[in-house]
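*Asks:* Sharing a structure below in structure tokens format, with a few things to ask.
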Amino acid sequence: MAFALRPLPRRLLRSIHCSNPLSTSTSASPHDVHELLRIQRILNPATTTHSPQNQEHPRATTDLHDLLHRTAGLTAAEATSFLRGIPNTDRLGRLLRELRGLRLHGDEIKNALESDPDGLLSMDPGEPSRLVELLDGLRCRGAVKDRVLSHGVLWAAIAARQRVELLHAHGLNRRDALRVLSVEPRAILYDLEDVERKLEFLVNRMGFEIGWLVEYPEFLGVNLDRWIIPRHNVLEYLASVGGLGDPIEMKHYVRFSRQQFYNMFVKPYPECERIFGGLVRERKNEVRRWHPVGLWKLFKPTKHESTEEDVKNMKFVVESLH
């Protein structure tokens, strides 16, 4: 017992003696000694041994290095440099294990970690799997899907999440935002600035609520300058002169083809031709070629030279008919 009390400070020894006046230094309760040692460890952690959590920290770092190497193909130096800027390594470990389970190509994960680490690390657990499943099951034209997945499915998943968060920031819940992207994946091809510009134009200039995107997601997939703004300018002019009888709906902006919109709103009002662009009327005056130039040569029969034997055969056939 004297050996156990030797490293304790004098004030702790004094408290031991005062806790029981009838006891001596050799008769102190073991429970009191352990309690004082526990208090000393709490108050002076630097003078005590490292906790088990601190002892496991190098092992956790080694596991992350190995996980980064197996999942993203990073070298030891690259992994060390990358981990210096990551405050939450636990979140990174869970994310890497989930990405490894998706069987993605190592270059995709490495490029995502290098180009947009914040966008990748901001995903919640299970979110990459849901987004990858959504992108794999896109029902759209093959050319659009190829463009969306041209940089890899992980890049597309990060871009889709950024647009979901942008739609959510403008008042649309995340479930409806995912539904909009699944129906109109062309929104992923536009920059975030272009998508935000469309949303601001929809709400501030056109006067529609953000919830209309659930019914008309095509609005995010068309060009704002060449498709939406000319139509809005025509409708805005007609509304100012009293030329609109029925209320304008979103379908007039996104569901009508250029020819349909022209016939309904531009053709009856010649002054709207300049506002709309005048391209439809000019094209109608042109003579449209029904076949490509030189196609008639393909229908011209091939000319064969007649030999004496062919002439005799033809005469024989004609004589046999009489």
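The values are calculated or read from the model by the stated rules, or taken from the named source; none is laboratory data. Nothing here was measured: the structure is a model prediction, and the numbers come from that model. Cβ atoms come from the backbone with ideal geometry, glycine included; neighbour counts cover every protein chain shown.
*Asks:* Would you mind stating whether L202 is outside any loop (DSSP other than H, G, I, E, B) and either without any contact (Cβ under 8 Å) to a residue 40 or more places away in the chain or surrounded by fewer than 16 Cβ atoms within 10 Å (Cβ to Cβ) (or both)?
*Replies:* It is true that L202 is outside any loop (DSSP other than H, G, I, E, B) and either without any contact (Cβ under 8 Å) to a residue 40 or more places away in the chain or surrounded by fewer than 16 Cβ atoms within 10 Å (Cβ to Cβ) (or both).
*Asks:* Hey, any hits in segment 213-220 for a residue that's exposed (fewer than 15 other Cβ atoms within 10 Å of the Cβ) and farther than 24 Å from L135 by Cβ?
*Replies:* No.
*Asks:* Continuing with the same structure: Within segment 255-270, is there a residue that is over 24 Å from A143 (Cα atoms), among the aliphatic types (A, V, I, L, M) and surrounded by fewer than 17 Cβ atoms within 10 Å (Cβ to Cβ)?
*Replies:* There is at least one residue in segment 255-270 that is over 24 Å from A143 (Cα atoms), among the aliphatic types (A, V, I, L, M) and surrounded by fewer than 17 Cβ atoms within 10 Å (Cβ to Cβ).
*Asks:* What number of residues in segment 92-112 are within 15 Å of V153 (Cβ to Cβ), surrounded by 14 or more Cβ atoms within 10 Å (Cβ to Cβ) and of a type outside the set (S, T, N, Q)?
*Replies:* Result for segment 92-112: 10.
*Asks:* Sticking with this one: Answer yes if at least one residue in segment 233-241 is buried (at least 17 other Cβ atoms within 10 Å of the Cβ), closer than 28 Å to E184 by Cα, within 39 Å of the chain's Cα centre (by Cα) and modelled with pLDDT of 90 or more, and no otherwise.
*Replies:* Taking every residue of segment 233-241 in turn, at least one turns out to be buried (at least 17 other Cβ atoms within 10 Å of the Cβ), closer than 28 Å to E184 by Cα, within 39 Å of the chain's Cα centre (by Cα) and modelled with pLDDT of 90 or more.
*Asks:* Another question about this same structure. Has segment 229-244 got any residue that is farther than 30 Å from L149 by Cβ and aromatic (F, W, Y)?
*Replies:* Checked segment 229-244: at least one residue is farther than 30 Å from L149 by Cβ and aromatic (F, W, Y).
*Asks:* In segment 82-97, what count of residues is obtained for those that are in a helix (DSSP H, G or I) and in contact (Cβ under 8 Å) with a residue 12 or more places away in the chain?
*Replies:* 10
*Asks:* Looking at V164, is it farther than 18 Å from R100 by Cα, at pLDDT below 95 and buried (at least 18 other Cβ atoms within 10 Å of the Cβ)?
*Replies:* The answer is yes for V164.
*Asks:* In addition: Out of curiosity, is L104 over 20 Å from L189 (Cα atoms) and touching a residue at least 40 places away in the same chain (Cβ under 8 Å)?
*Replies:* Criteria met by L104.
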